[in-house]
Amino acid sequence: MKLITKLWIGIAVLIVLSPLGLILPEHFKSGSAWGEWSADEIQKLVGYIPQGLEKLSSLWSAPIPDYAFKGWEEKSLPHLSFAYIMSAVIGITIVVVVVLIIGKILTKKGE
Amino acid sequence: MHIPDGYLGPATCGVFYVAMLPIWTAASRIVKKTLKARQVPLLAIGAAFSFVIMMFNVPIPCGTTGHAVGGVLAAILLGPWAASIAITVALVIQALLFGDGGITAIGANCFNMAFVLPFAGYYIYKAISYNAPIDSNRRIIAAGIAGYIALNIAALLTGIEFGLQPLFHHTANGQALYCPYGLNVAVPAMLGEHLLIFGWVEAIVTALVIKYLQKQSPELLREGEVV
């Protein structure tokens, strides 16, 4: 088997295992990453929501927020794990296509 | 380490966008000269690896979470400029599609994770693995140390960027406008958790893949020597 095929299999395995990045923090009752709190969490931490933060935090509405489908916030962990894997598949597909296009442009004249 | 929208003031966001422009320009110019067409699939794998590794949130029980970036590996195999492009693509897709990292903070997040991290990792690996045979253990150790230190430098920078905000932006009564924590809190928090836990994840994944490639494809590591 070609090395590049083996490496893609490795990426696929990581995608399937990726929900561990969701399940383990849930299991150990870990909160948000440092500095990545929502406005509500900030309110609890420091007692107020910084004005600029409140304004900017809703600037962008991502189509798949936090690797979960919209409206799935209350779904069970298996559902969220499924959404997490799908997010990885969608995200990686786009990343790979974009890098291949950039690579094609940059190496156009080379061999 | 993905700074969201609202944590950095407009000036900081602007400065890092402006700082990244020449870096992105230089990256495309240099990669155009050095990257061969047959290396492009490997660059795509490097970007995919970085994207998926960042999804593995590692918990600190009853505390916060964090993750590796997976970017030192691409830097070792393809050089820091190519790695910079691969990580940038991963970070931009994370911000636009998944809201992981802010739109206004793309410049800062790319500076930390797609510029400083691959460059620090690359030169640390180079220095430690200098003159080492392709199959030597020193290369595995070099990859691990490069991953550990590079992730921690990126975390330190992120902590400084967070921590400067209350100095720059606050209301008359002292309330912060953006990130509410100063350097005295942000730097120890960001650096501490990466020194203790997340840095080791970057070290282990980088070292393991280099060890695997030593057996599977030593010519890939030899090629990495000339970029």
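The values are calculated or read from the model by the stated rules, or taken from the named source; none is laboratory data. Not measured: the values here are computed from a predicted model. Glycine also receives a Cβ, built like all others from the backbone with ideal geometry; neighbour counts cover every protein chain displayed.
Within the range B:106-128, not a single residue is facing chain A (nearest Cβ under 9 Å), touching a Phe, Trp or Tyr at 6+ places or on another chain (Cβ under 8 Å) and either among the hydrophobic types (A, V, I, L, M, F, W, C) or touching a residue at least 60 places away in the same chain (Cβ under 8 Å) (or both).
Being closer than 20 Å to B:Glu193 by Cα, touching a Leu at 6+ places or on another chain (Cβ under 8 Å) and either in contact (Cβ under 8 Å) with a residue 60 or more places away in the chain or within 14 Å of another protein chain (Cβ to nearest Cβ) (or both) is a property that B:Leu151 has.
Any idea which residue in the range B:16-57 is farthest from the other protein chains (Cβ to nearest Cβ), counting only those that are among the β-branched types (Val, Ile, Thr) and surrounded by fewer than 16 Cβ atoms within 10 Å (Cβ to Cβ)?
Keep residues of the range B:16-57 that are among the β-branched types (Val, Ile, Thr), which gives B:18, B:23, B:25, B:30-31, B:34, B:40, B:45, B:52-53.
So of that shortlist, the ones also surrounded by fewer than 16 Cβ atoms within 10 Å (Cβ to Cβ) come out as B:18, B:25.
Details: B:Val18: 19, B:Thr25: 12 Å.
Within the range B:16-57, the match that is farthest from the other protein chains (Cβ to nearest Cβ) is B:Val18.
Here A:Tyr48 meets each of (1) at the interface with chain B (Cβ under 8 Å from one of its Cβ atoms); (2) surrounded by 19 or more Cβ atoms within 10 Å (Cβ to Cβ); (3) among the aromatic types (Phe, Trp, Tyr) with one exception, condition (2).
Looking only at the range A:45-58, residues that are in contact (Cβ under 8 Å) with a residue 12 or more places away in the chain and in contact with a Cys (Cβ under 9 Å, 6 or more places away or on another chain) come to 1 in all. Among helices (runs of 4 or more DSSP H) entirely within the range B:156-227, having at least 1 residues that are out of contact with any helix residue (DSSP H, G or I) (no Cβ under 7 Å at 6 or more places or on another chain) and over 24 Å from B:Ala146 (Cβ atoms) singles out B:183-193.
In this entry, A:Glu36 passes the filter for residues that are part of a loop (DSSP other than H, G, I, E, B) and either under 20 Å from the mean Cα position of the chain (by Cα) or modelled with pLDDT under 95 (or both). Determine, yes or no, whether B:Ala176 is at pLDDT 95 or above, over 22 Å from the mean Cα position of the chain (by Cα), among the aliphatic types (A, V, I, L, M) and over 17 Å from B:Ile124 (Cβ atoms). Here the answer is yes, as B:Ala176 does meet what is asked. One residue alone among B:Val72, B:Val89 is without any contact (Cβ under 8 Å) to a residue 60 or more places away in the chain and crowded, with 23+ Cβ neighbours inside 10 Å, and that residue is B:Val89.
Please specify each residue of the range A:23-41 satisfying the condition of being of a type outside the set (Phe, Trp, Tyr), surrounded by 14 or more Cβ atoms within 10 Å (Cβ to Cβ) and within 7 Å of chain B (Cβ to nearest Cβ). A:Leu24, A:Pro25, A:Ser30, A:Gly31, A:Ser32, A:Ala33, A:Gly35, A:Glu36, listed by residue number. Among residues of the range A:59-80 that are modelled with pLDDT under 95 and of a type in the set (Phe, Trp, Tyr), those with a Cβ under 9 angstrom from a residue that is exposed (fewer than 15 other Cβ atoms within 10 Å of the Cβ) and not in a loop (DSSP other than H, G, I, E, B), sequence gap 6+ or separate chain, pair up as A:Phe69/A:His79; A:Trp72/A:His79. Just to be sure before I move on: is A:Gly103 of a type in the set (Gly, Ala, Ser) and closer than 13 Å to B:Val52 by Cβ in the structure I sent? Here the answer is no, as A:Gly103 does not meet what is asked.
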